[in-house]
Amino acid sequence: MLKPLTVALAVSFTASAVQAASVGQVSSPDGNITINVEIDNDGRPNYRISRKGKLLIAPSMLGFILTDSYNMVRGFKAEGTQTSSSDTKWEQPWGERRVVRDRYNELLVSFKQSAYLKRQMNVRFRVFDNGVGFRYEIPDQPNLQTMNIADESTEFDIAQTGKAWWITGGEWHRYEQIYWETTISSVAT
């Protein structure tokens, strides 16, 4: 009788190890693009992006590897979220359009490590009708006066095969090159 119970518990633990708890969600003003932010059972924050219900970016991790302290990749809990929207215009002196519309919805997620000095990390996601962006914000805090980053753990797990138009980065004349058209998996790094 004990053996079937042990098997059932093992299956239950295995299934829960891959689950993630939802932290927040934000969609573009037209509702086509959605970002979901989650934390897995190990406290690793991640995000995923879909367009018209089709997954574009599979769950992808967020965080930093540090040279002088515990890494900021796991042990996080969501402390809170804030949402906002903007619809403004600004004028640029050059480019294809003189007036640019800046219309987006935003989700700010505040994370805090429950151990590891209880450090905080915010991630601000902006979703436009034609794309997404996000940035890290490290608030002033006593347990993180300086931050020596060895590597950024941000992932972009492309969920499907697609085309990419790209140029090689890191060269002085990189904006004057001919664009390559390849599959996403063939993009040179």
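Does anyone have the angle between helix 2-17 and the longest principal axis of the chain? Alpha-carbon axes, 0 to 90°, nearest 10? Helix 2-17 sits at roughly 20 degrees to that axis.
Working note: Karplus 6.51/-1.76/1.60 with θ = phi - 60° gives segment 66-83 the couplings 9, 8, 10, 6, 4, 5, 10, 10, 8, x, 8, 10, 6, 8, x, 9, 9, 10 Hz, where Gly and Pro are set to x. Extension gain for residue 160-residue 22 works out to 47.4 nm (0.36 nm per residue, less the C-alpha to C-alpha distance).
Straight-line cross-link partners of residue 52 among the lysines, defined as a Cα under 19 Å from its Cα and at least 8 positions apart when in the same chain: 163. Residues in segment 45-61 carry Karplus couplings, in order, of x, 8, 9, 9, 10, 10, 10, 6, x, 9, 5, 9, 10, 5, x, 10, 6 Hz; the curve used is 6.51 cos²θ - 1.76 cosθ + 1.60 with θ = phi - 60°, and Gly or Pro positions show x.
Only Lys, Arg, Asp and Glu carry charge here, each on its Cβ (+1 for the first two, -1 for the last two); on that basis the chain has a dipole of about 500 debye about its Cα centre.
Using the Karplus relation 6.51 cos²θ - 1.76 cosθ + 1.60 with θ = phi - 60°, the per-residue 3J(HN,Hα) values for segment 88-94 come to 10, 10, 9, 9, 10, x, 8 Hz, with x marking Gly and Pro. Based on the Kirkwood approach, the hydrodynamic radius assigned to segment 107-168 is 14.7 Å, with every pair of different Cα atoms included. Using bins of 5 Å that start at zero, the share of Cα-Cα pairs per bin across segment 55-104 amounts to 4, 12, 11, 11, 14, 12, 14, 12, 9, 1, in whole %. Which of the lysines could be linked to residue 77 by a straight reach, that is with a Cα gap under 25 Å, when you skip same-chain ones fewer than 8 residues away? List returned: 112, 118.
Over all other residues within a Cβ to Cβ distance under 12 Å of residue 79, the charged ones net out to +4, with Lys and Arg as +1 and Asp and Glu as -1.
For residue 159, nonlocal amide neighbours, meaning residues 5 or more places apart or on other chains whose placed amide H falls under 5 Å from its own, are 57, 58.
Charge tally around residue 104: other residues with Cβ under 14 Å, Lys/Arg +1 each, Asp/Glu -1 each, net +1. Here, the chain yields an orientationally averaged convex hull projection of 16.0 nm² when only Cα atoms define the hull.
Between residue 84 and residue 65, the simple spin-label model (points 7 angstrom out along Cα→Cβ) gives 3.4 nm. Between residue 118 and residue 58, the simple spin-label model (points 7 angstrom out along Cα→Cβ) gives 3.8 nm.
Every read-out reported here was derived from the displayed coordinates using simple, explicitly stated rules and does not represent laboratory data. What you see is a predicted model, and the numbers here were worked out from it, not measured in a lab. Reconstructed Cβ throughout: ideal geometry from the backbone, glycine too, with neighbour counts over all protein chains shown.
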